[in-house]
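**Q** This is the structure I want to talk about, given as C-alpha cells.
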Amino acid sequence: MKTSEIIREIPLANSENGVITVAVLQEPYGKESAPVVSVGVWLNRAGGEPDWKIHVPKENVDALVEAIVEAKEKL
C-alpha cells in the first residue's frame, strides 16, 4: 500500500501560494516496490495534485543533490 511521509514543505519563491514538498513514498508502484523520494511543486497549494513531480530512487539521491548544488552555483 502506497504511503507517504512529508519531510518538508518549502514556500515556492516568486509565488503567492506555491510550495515545494519533499516526501518519502513507500511502495509507490505497488506491493514490494522500492521506496522513493518524491519532490512535488505546486504553483498554487490549493490544488490537489502538484503541477510537477519527480520520483527519485534512493540510489540516485546523492547524485541528484550534487547536481542541484552544481546548478545553484551557476545561477
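**Q** Taking K and R as +1 and D and E as -1, what net charge do the other residues with C-beta under 12 Å from the C-beta of Leu64 add up to?
**A** Around Leu64, the charge tally is -3.
**Q** For Ser4, what charge total do you get from the other residues with a beta carbon under 14 Å from its beta carbon, if Lys and Arg give +1 and Asp and Glu give -1?
**A** Neighbour charge sum, excluding Ser4 itself: -1.
**Q** Normalised by the residues of the chain, what does the relative contact order come to in percent, with Cα pairs under 8 Å and at least six apart?
**A** Averaging sequence separation for qualifying contacts and normalising by length gives 23 percent for the chain.
**Q** Okay, next question. Let me check I've understood the local charge: for Arg45, count other residues with C-beta under 13 angstrom from its C-beta, Lys and Arg +1, Asp and Glu -1. What total comes out?
**A** Computed value for this residue: -4.
Bear in mind these aren't lab numbers, they're just calculated from the coordinates by the rules spelled out. A quick note: this is a predicted structure, and the numbers were derived from the prediction, not measured. When we count neighbours, we look across all protein chains shown, and the Cβ atoms used for this are built from the backbone with ideal geometry, even at glycine.
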